[in-house]
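Notes follow the structure.
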Amino acid sequence: MTDPVPDRDLAPVAALIGDPTRIRILAALAEGHALPAGELAARAGVRPATATDHLHRLVDGGLVVVRAQGRHRYHELAGPHVAAVVEALARLAPAAPVRSLHAHRAARTLTEARTCYDHLAGRRGVELRDRLLAAGALRPLDDRDHALTPTGEALLRDLGLDVTELSPRRVFARNCVDWTQRRPHLAGTLPAAITARFVTLGHLAPAAGRGLRPCPDYDERLASWLG
C-alpha cells in the first residue's frame with residue numbers, strides 16, 4: 001500500500017495531540033484566546049506544574065506559542081491550522097455524555113453558534129456561508145476556497161469592513177467541515193473579520209467557552225445586511 005503522505009512524519013504530532021491533558025489544553029486554546037498556564041491547568045484538571053510540562057511539549061512541537069506581556073506569559077495556538085485539526089478531531093470523536101442541565105445547555109449553544117478559533121461555526125456558521133454564496137458575495141475558486149465578488153465588497157463596506165485591511169498572510173475564505181453540522185462553514189481571514197464585526201455590532205454575544213449567542217433579531221439583521 002502506498003504511503004499517502006510520504007514526506008511527513010505524522011507520529012510525533014499524533015503523540016502530542018493524543019494525550020488527554022494536552023488535547024484538553026488545545027481545545028481550550030481553540031476558543032481563540034491567549035491563556036496563562038494557571039488557567040489552562042484548571043481547564044485541563046491538572047496541577048500547574050503538570051500543565052507547564054505539557055505546555056513545554058506543545059511549544060516544542062510547534063502547536064502552541066508563548067506571548068510575554070510584562071511579567072506574564074500567555075499561551076495560544078500556533079495558528080488557525082492547529083484549531084482546524086482540533087475541529088477535525090471533534091468530527092471523529094464520540095459525543096461526550098451529558099450529565100447535567102448546564103452541560104445540555106452548553107452543548108446546544110455550541111451546536112447553534114460558536115467560534116472555531118476566531119470565525120463563526122455551528123449552525124449559524126454554516127448558514128452564513130450558504131447565505132453569502134446565495135447573495136453572490138462569494139464565488140468558488142475550487143472545491144474549498146472562495147473569492148470575494150464586487151457584490152461581496154459592497155456588502156463588506158455596508159458592514160463597516162475594508163477588504164484591503166484583511167490579512168494577506170492567511171487563507172481568505174476556505175471550507176471547514178463543521179463537526180456539529182457535518183456541512184462546511186467558512187474559515188479564514190474573511191469570516192474572522194465578519195464574526196468580529198458581528199460581535200461588535202451586537203449581532204452575536206459571547207457565551208460560555210466558545211459559545212456565541214445570536215441576538216433576538218439576528219435573522220432580521222442578517223437578512224437586512226444581505227438584502
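Which residues, taken from region 162-183, are surrounded by fewer than 17 Cβ atoms within 10 Å (Cβ to Cβ) and closer than 16 Å to L132 by Cα?
Within region 162-183, V163, R183 meet the criteria.
Mind telling me which of the residues L159, L155, L190, L186 ends up being surrounded by fewer than 18 Cβ atoms within 10 Å (Cβ to Cβ) and either out of contact with any strand residue (DSSP E or B) (no Cβ under 9 Å at 6 or more places or on another chain) or among the aliphatic types (A, V, I, L, M) (or both)?
When all the criteria are applied, what remains is L159.
So which residues in region 211-227 are without any contact (Cβ under 8 Å) to a residue 12 or more places away in the chain and touching a Ser or Thr at 6+ places or on another chain (Cβ under 7 Å)?
none
Looking only at region 115-136, which residues are farther than 29 Å from H33 by Cβ and either touching a Gly at 6+ places or on another chain (Cβ under 9 Å) or polar (S, T, N, Q) (or both)?
A135, G136
Read-outs throughout are calculated quantities, based only on the coordinates presented, and are distinct from any laboratory measurement. Please read these numbers as outputs of a predicted model, since none were measured by experiment. Glycine gets a Cβ as well: all are built from the backbone with ideal geometry, and neighbour counts include every protein chain shown.
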